[in-house]
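Here's the structure, in C-alpha cells; my notes come after.
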Amino acid sequence: MHILGIVGGIASGKSTVSTRLSELGAVVLDADKAAHEALNQRDVQKALVARWGPEILDEQGLVDRKAIAGRIFATSVENPEDLSDQQAQAQSNRLFLEQTIHPRVRQQFVQKIEQLTKRGAAIAVIDAPLLLEADWGSVCDDIVFVDCPVETRLERALLRGWTKRQFYQREAAQWPIEEKQRASTIRFDNSGISESELVQRVQQLWDNLTAC
C-alpha cells in the first residue's frame, strides 16, 4: 500500500486533493476528525478540564473547540510585553494539547493502516494540518506539497469567514511553508489554475501510482 501525506499552507487546496483521491478510491485518514473525536474521550476531557477549568465545556458537557482555540492562539493586546507573555502561554497550551491528542490519533491511524494493508488497499492518504509537526511524514511513502501564494490563500480564508488575524495566527502555529516544501517529494502548483486543472493533476498522480 502506498501512503501519501498532504501538506501545504492554509487554504492552499489540500482538501481538494484529498477529496479527489478519495473519489478515485484512496482511503483518507482525517486527522482533524480523529482529533475532534478524541477531545471528548473521558481521559482527554478530564485532562483538559484539569488544565483550563470547566468553562471549556459547552452546555452539553462536551469540549468547546472555540474555547480551546482561544487558549492556543495568542490575541493582540495593547502592551507588546503582554503579547509576548500571551504568545508564550499560547505555545505552552498548544504543546499540551498536541501531546494529549496526537498519541491517540497516531494509535488509531497505525491500527487503521495495518488493517488497510491486510485488506490490500492501494493508496491511503493522511490528511493532517500538522502532518509534519506530528511526525506523520515518517510513515508516508510520498508527501504531496500543494503550493499556492499567500495572497490567494488569505483571500480564500477570508471568504470562509476567517479574519486576517486568525489566518496568520494559525499559519504561525505550523511549520514554515519553505520547510514543508523541502520535506515534500511531490509538488502541485495550485497558483493561477482552476480547480478542474488541479483535479486533473491529482488524476495523473493516481494513474502513476496505481500503474506501478
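Please give the peptides 163-172, 129-138 ranked by average Cβ packing (other Cβ atoms within 10 Å per residue), highest first, as a rough proxy for protection.
Top to bottom by mean Cβ count within 10 Å: 129-138, 163-172.
Between Asp142 and Gln203, take the C-beta separation as r, use R0 = 25 Å, and let me know the FRET efficiency to the nearest 0.05.
0.95
Roughly how many whole Å is it from the C-alpha centroid of the range 28-45 to that of the range 174-208?
Between the Cα centre of the range 28-45 and that of the range 174-208, the gap is 27 Å.
Once fully extended, how much extra length lies between Asp32 and Arg65, figured as 0.36 nm per residue of separation less the alpha-carbon to alpha-carbon distance?
Gain on stretching Asp32 to Arg65: 10.7 nm.
Taking +1 at the Cβ of each Lys and Arg and -1 at the Cβ of each Asp and Glu, which of Asn40, Tyr168, Phe188 sits farthest along the dipole of the chain towards its positive end, judged by Cα position relative to the Cα centre?
Result: Asn40.
Per residue, how much accessible area does the chain have with a 1.4 Å probe, in Å²?
Accessible area per residue: 56 Å².
Output the Kirkwood hydrodynamic radius of the range 1-136, Cα pairs only, in Å rounded to one decimal.
16.8
Please report, as a whole percent, how much of the solvent-accessible surface of the chain comes from carbon and sulfur atoms (probe radius 1.4 Å).
For the chain, the apolar C and S fraction of the accessible surface comes to 47 percent.
Hey, what number do you get for the chain at 222 nm if only DSSP H runs of n ≥ 4 count, each worth -39500 (n - 2.57), divided across all residues, to the nearest 500?
When only DSSP H runs of four or more count, the value is -18000 deg cm²/dmol.
If you restrict to DSSP beta bridges whose two residues both lie in the chain, what percentage is antiparallel, to the nearest 5?
Taking every DSSP beta bridge with both residues in the chain, the antiparallel ones total about 5 percent.
I want the local charge near Phe109. Using Cβ-Cβ distances under 14 Å, sum +1 for each Lys or Arg and -1 for each Asp or Glu among the other residues.
Its environment carries a net charge of -2.
The values are calculated or read from the model by the stated rules, or taken from the named source; none is laboratory data. Remember, predicted model here, so these are calculated numbers, not experimental data. Because the Cβ atoms are built from the backbone with ideal geometry, glycine has one as well, and the counts that use them run over all protein chains shown. When the accessible area is computed, the model is the full protein with side chains, heavy atoms only, and any ligands, DNA or RNA have been set aside. Shrake-Rupley method; radii C 1.70, N 1.55, O 1.52, S 1.80 Å.
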